[in-house]
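Below is one structure, written out as structure tokens; comments come after it.
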Amino acid sequence: MNKTVALEMKQVSKYFGSLAANRKVDLTVYRGEILAILGENGCGKTTLMNMIAGIYFPDEGQILVDGQEVVIRSPKDAFRHKIGMIHQHFKLVDLFSAAENIVLGINDGERYNLKEVNARVQEIAERYGFHIDPKKKIHEMSVSEKQTVEIIKVLYRGADILILDEPTAVLTPQETEKLFAILKRMRDDGKSILIITHKLHEVLSLSNRVAVLRKGEHIATVETASTNPAELTEMMVGQKVSLNINRPEPENTQDRLLVSDLSLVNADGIKVLDDICFTARSGEILGIAGIAGSGQRELLETIAGLQHPAGGRILYHNPKTNKEEDLRDKTPMQIRELGVRLSFVPEDRLGMGLVANMDIVDNMMLRSYKRGHSLFVDRKKPKDLADRIIRELQISTPGTATPVRRLSGGNVQKVLVGREIAAAPTVLMAAYPVRGLDVNSSYTIYNLLTAQKQQGVAVIFVGEDLDVLVELCDRIMVIANGRVSGIVDGRTTTKEEIGVLMTQTRAEIESQKEKEGSDRAEA
């Protein structure tokens with residue numbers, strides 16, 4: 001059966017100054033297929049897709065839609081050619097309803113008739129299997145509901161070619177399965193779907209073909225059915241890479257951090273953490289799972305002294321003095337003066353972790369420099385540390401004097417993780433340390449965390465990829481709606497079990513705790 005070409009890119013290049021983000025890329029997308037776009041950080045995947053979506057304009061080459069050369073200078077031009085992009089960070093107005101967001105920006109010369117819009121949205125939803133209330137406000141929606149609005153928004157505009165950038169990054173396994181079922185229905189309806197993702201198991205389960213980019217160039221496009229993770233990774237990196245996460249058994253574990261009845265209220269008076277209880281032990285990795293916004297970030301910030309808890313205790317067992325130190329109500333500096341090394345890799349790496357305009361050496365010094373030490377600052381040790389991190393984590397940079405704002409997102413993350421691990425902590429808290437990293441870099445970070453565990457560090461790892469949590473962590477604590485819904489063994493649990501715990505309501509968590517308390521009383 002002959003395939004119909006929906007979109008072609010011929011010898012497309014894009015330059016930013018002297019840097020070639022994409023160089024002479026040829027790409028073909030067929031009608032009724034899902035094409036995965038794979039590549040390391042900084043290889044040009046998003047830049048390439050942005051040229052199709054009208055966000056960037058190519059410096060060289062041609063883009064053809066249905067065999068005709070087209071000029072796409074804006075997202076409006078892209079929609080004119082039935083191309084729509086769903087970005088990782090949603091572009092929605094919180095106070096508007098789903099329907100209002102969907103028609104926002106459409107100028108067809110007529111006044112909006114929301115009744116007709118609602119009916120059209122419902123028609124699209126029923127056709128592909130979406131579940132949506134067109135009248136519901138965006139601020140009342142879950143992450144997956146917001147994503148549904150974004151997808152229907154481009155379908156409403158008549159898109160036949162859809163680009164999705166990391167669509168499963170913030171979804172539970174159950175939500176991911178629903179999304180994949182919808183994307184397959186859209187493919188069977190003749191839509192062409194391009195999906196950027198770093199998760200190889202998703203590529204293999206969803207796509208028809210895989211296009212691999214390396215250093216801005218198109219290496220190959222292969223049939224998904226005839227490839228495997230090792231082959232894809234080798235094409236991405238240019239050499240063989242081991243994709244096994246080593247999980248040694250914990251040894252000589254000791255209680256290092258004891259959190260009990262911890263609560264946190266935000267500026268709006270909303271309880272974002274409620275009665276959190278857990279223990280982090282030296283020599284093991286404790287994973288934290290939960291839907292985005294369930295309180296994971298706030299929990300780590302509270303332990304690190306960045307937020308003030310409303311109640312509860314945070315006790316640190318000091319291995320040097322063999323005494324318990326109360327960390328609550330102490331500032332980050334006071335916590336450090338106690339000898340407590342809580343290394344913290346925040347979600348917002350440039351907003352909280354690094355200073356964008358500083359070079360790599362200066363960002364190394366942020367962790368170790370103390371006021372009043374000397375009139376002159378010793379830069380040799382931070383420089384040596386920067387050189388070592390660049391070498392060991394394979395950071396792509398012209399040198400240590402490069403401002404971190406000039407690095408790609410993945411390389412910024414490597415600088416931050418490398419600096420925190422180099423601080424020799426006794427407790428290492430890492431929030432999404434591989435978010436946005438390619439497969440090769442991600443496994444480097446996993447191995448670093450495991451090495452810390454083997455050195456007796458208590459590692460707390462907040463992750464969004466449940467496959468990785470199950471393979472890497474010794475125990476996994478699940479947070480739902482600001483409460484602990486369960487703590488499971490990483491070696492015996494399943495993604496499905498974690499997914500169920502992630503979606504529990506407060507009432508269900510409370511009921512489960514009452515049942516457990518009753519069972520203990522009877523025993």
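The values are calculated or read from the model by the stated rules, or taken from the named source; none is laboratory data. On a predicted model such as this, the values are computed, not experimentally measured, just so you know. Note that each Cβ is placed from the backbone with ideal geometry, even for glycine, and that neighbours are counted across all protein chains shown.
When 23, 31 are checked against the criterion of being surrounded by fewer than 22 Cβ atoms within 10 Å (Cβ to Cβ), assigned by TED's automatic domain parsing to the domain that holds residue 76 and over 24 Å from residue 441 (Cβ atoms), a single residue qualifies: 31. Scan the stretch 279-296 for residues that are surrounded by fewer than 21 Cβ atoms within 10 Å (Cβ to Cβ) and either in a helix (DSSP H, G or I) or at positive phi (or both) and the total you get is 1. Going through (1) within 29 Å of the chain's Cα centre (by Cα); (2) modelled with pLDDT of 85 or more; (3) crowded, with 22+ Cβ neighbours inside 10 Å one by one, residue 307 falls short only on (3). So is residue 323 exposed (fewer than 15 other Cβ atoms within 10 Å of the Cβ) and at pLDDT below 90 or not? Considered against the rule, which asks whether it is exposed (fewer than 15 other Cβ atoms within 10 Å of the Cβ) and at pLDDT below 90, residue 323 comes out as yes.
Examine the stretch 377-384 for a residue that is modelled with pLDDT of 70 or more and surrounded by fewer than 16 Cβ atoms within 10 Å (Cβ to Cβ), and state whether such a residue exists. Yes; the residues of the stretch 377-384 include at least one that is modelled with pLDDT of 70 or more and surrounded by fewer than 16 Cβ atoms within 10 Å (Cβ to Cβ).
For residue 39, are the conditions met, namely being in the same structural domain as residue 196 (by TED's automatic domain parsing), closer than 18 Å to residue 207 by Cβ and crowded, with 20+ Cβ neighbours inside 10 Å? Taking the combined requirement at face value, the residue satisfies it. Applying the set (1) of a type outside the set (Phe, Trp, Tyr); (2) modelled with pLDDT of 75 or more; (3) under 30 Å from residue 265 (Cβ atoms) to residue 347 leaves exactly one unmet item: (2). Looking only at residues of the stretch 1-20 that are within 29 Å of the chain's Cα centre (by Cα) and without any contact (Cβ under 8 Å) to a residue 40 or more places away in the chain, we find that the one that is surrounded by the fewest Cβ atoms within 10 Å (Cβ to Cβ) is 17. Between 145, 150, 100, 140, the distinction of being over 24 Å from the mean Cα position of the chain (by Cα) and at negative phi belongs to 100 only. The single condition among (1) in contact (Cβ under 8 Å) with a residue 40 or more places away in the chain; (2) surrounded by fewer than 22 Cβ atoms within 10 Å (Cβ to Cβ); (3) among the aliphatic types (A, V, I, L, M) that residue 451 does not meet is (1).
Given the residues 210, 203, 222, 272, which is the only one that is among the β-branched types (Val, Ile, Thr), surrounded by 14 or more Cβ atoms within 10 Å (Cβ to Cβ) and under 30 Å from residue 481 (Cα atoms)?
Sole residue among the options that is among the β-branched types (Val, Ile, Thr), surrounded by 14 or more Cβ atoms within 10 Å (Cβ to Cβ) and under 30 Å from residue 481 (Cα atoms): 272.
When every residue of the stretch 476-492 is checked against the conditions, none turns out to be outside the structural domain of residue 141 (by TED's automatic domain parsing), over 22 Å from residue 297 (Cα atoms) and crowded, with 20+ Cβ neighbours inside 10 Å.
Just one residue in the set 148, 172, 176 is at pLDDT below 95 and closer than 14 Å to residue 87 by Cα; that residue is 148.
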